[in-house]
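The values are calculated or read from the model by the stated rules, or taken from the named source; none is laboratory data. Keep in mind it's a predicted model, so treat the numbers as computed, not measured. So basically every Cβ, Gly included, is an ideal-geometry build from the backbone, and we count neighbours across all protein chains shown. In case anyone asks, the SASA skips ligands and DNA or RNA and just uses the protein heavy atoms, side chains included. Shrake-Rupley method; radii C 1.70, N 1.55, O 1.52, S 1.80 Å.
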Amino acid sequence: MNKSELMAGFFQDENLRQLQERLKIGDGLIDVIDLGENQHSAILAWLFDPREGHAQGEAIVRDFLMHVADQSPTRWKSGKSDRKDVSQGFARNWSVERLQSSGLSACFVVTEFAETKANRLDLLIVDPVNRFLIAVENKLGPKFRADQLKRYRDYIVKLQKSCAWLKSFQLGFVALGRNYDPDDEDKYPKALRQELQHWVPVSYDWLKAGAQRAELHLQRGNEGARLVQEYCRRQTGWESPNEKECSRLVASIWQDHPEAAKAVCAMGRRPQKSWLLGKVNLAEAAESAQLFAAQNQAVVLALLEGKGFASVRQRLLQSNAQFESEYVCWGRTWIDVMPRGAIRFYDADNYFPVYLSAYRLDDAHCQVRLVFVPGYMPSDKEAVKMRKALTELAPTIAQREKRSVRRITLKESISNEQLPAYVAQQEDELSKILYKHWPQE
């Protein structure tokens, strides 16, 4: 079949037509603009404000504070700070239960707070009724810097001591990183690890609750929740029903028309610019593929984003001898696979107790981790036995036994093309280890 026939089959595919319709932006502003760090902070301030028009009231700021309260005990011995300064008074005095039953309607948020450029804090959450003040440093990409965090913390502590009306406020310091993972802290410089003992570092995962709540509001006809839903899902990888269907369509297109999809994606993430500048010659992509890419950037981005994960999903789900769809979960930028050897421990009311997790790094690469959740094992005894078994694949998983989740990086970066074979290989090796410790009946 020549290239012209390949492209004709691609253009006539019903899956492509449906994908084009489902990707139409409509009023989805988050899909149109690229947000920088300041813009993310501004949107978070809007979400945190109970009086704004997002129709969520106190719910989102409560989601955030409850997540901080839930994570804070891991920062201190016995859940308390032994330091002499006043940092983390909030973490010591506000529990998840207390936040759930307390009103937060008096909260307000200050963005880019500083008296000088040197101490410009991203977000400051203030509750004058409950009398707490939460300083938030927000990072999208690079890791936190110890000197910057210390400077901000010293500034807020000094501010409290110098302002009579703030002296009774309980302080909290939150290091908010979109892709923060506690297991990455082992790789941080010593100075940063020490400074983070004064902070509660968290990722953007707490936004999933907001995305799900906003989805329900939209189903009830509350259009005020649309921007909330769009923003939260984009930051967490959570997929709406429409996005899940888009992921399925992308996977089918890559499966049925790999050469045509590759030709369309040859234009890159900015196909209009590539077309205007003629950066891709006709030997690499047919003229029809180039023009289609320039006219359908959303389709190109969806195909590029889904390429690696689409091929993995297709391989895993179609290889019935090795995988079952019930034990493969995925989102827009990730895919989780529970090994066959762990099926006996799986409770459908929870999540996988042990799984391989691939997370998209960029258009061409992803990271693969082994994840263990002891709390999802049927008993503490089995959890201890599982941890010991997993050390045969990842020895460092034996460390930090008290953590509720252990994520061990197996591959820092692997290409999308190599990902399917690697996941299959690791799943097979992991299952053999588990079958050795828990023989099949």
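Could you check, for the stretch 408-418, whether at least one of its residues is closer than 16 Å to P339 by Cα and either of a type in the set (V, I, T) or under 27 Å from the mean Cα position of the chain (by Cα) (or both)? Yes, the conditions are met somewhere in the stretch 408-418.
Among the residues making up the stretch 194-211, those that are under 22 Å from R369 (Cα atoms) and surrounded by fewer than 20 Cβ atoms within 10 Å (Cβ to Cβ) are S203, D205, K208. Which residue is least open to solvent (accessible area, probe 1.4 Å), if the candidates are limited to the stretch 339-363 and must be touching a strand residue (DSSP E or B) at 6+ places or on another chain (Cβ under 6 Å) and outside any strand (DSSP E or B)? Ranking the qualifying residues of the stretch 339-363, first place goes to A342.
So that you can scan it fast, the table gives a plain yes or no per residue for (1) of a type in the set (G, A, S); (2) at pLDDT 90 or above; (3) assigned to a loop (DSSP other than H, G, I, E, B):
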| residue | (1), (2), (3) |
| --- | --- |
| A135 | yes, yes, no |
| K143 | no, no, yes |
| L149 | no, yes, no |
| V157 | no, no, no |
| K161 | no, no, no |
| S168 | yes, no, yes |
| G172 | yes, yes, no |
| L176 | no, yes, no |
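Among the residues that make up the stretch 142-158, is at least one of them surrounded by fewer than 16 Cβ atoms within 10 Å (Cβ to Cβ) and under 21 Å from R369 (Cβ atoms)? Yes, because at least one residue in the stretch 142-158 is surrounded by fewer than 16 Cβ atoms within 10 Å (Cβ to Cβ) and under 21 Å from R369 (Cβ atoms). Please work out if K402 is open to solvent by 80 Å² or more (accessible area, probe 1.4 Å) and under 18 Å from F345 (Cβ atoms). When the stated conditions are applied, K402 does not pass them. With respect to (1) in a helix (DSSP H, G or I); (2) modelled with pLDDT under 80, the lone exception for E245 is condition (2).
For the stretch 420-441, how many residues meet the condition of being open to solvent by less than 40 Å² (accessible area, probe 1.4 Å) and either polar (S, T, N, Q) or modelled with pLDDT under 85 (or both)?
3
Which members of the stretch 241-253 meet the condition of being open to solvent by 30 Å² or more (accessible area, probe 1.4 Å) and not polar (S, T, N, Q)?
Within the stretch 241-253, P241, K244, E245, R248 meet the criteria.
Looking at S87, S41, just one residue is in contact with a Ser or Thr (Cβ under 9 Å, 6 or more places away or on another chain), at pLDDT 80 or above and crowded, with 21+ Cβ neighbours inside 10 Å, and that residue is S41.
Identify, please: which residue in the stretch 261-280 is farther than 16 Å from E5 by Cα and open to solvent by 80 Å² or more (accessible area, probe 1.4 Å) and is, among those, modelled with the lowest pLDDT?
Checking each candidate, the answer is K279.
Taking R75 as the residue in question, decide whether it is at pLDDT below 70 and either open to solvent by less than 60 Å² (accessible area, probe 1.4 Å) or of a type in the set (A, V, I, L, M, F, W, C) (or both). Taking the combined requirement at face value, the residue satisfies it.
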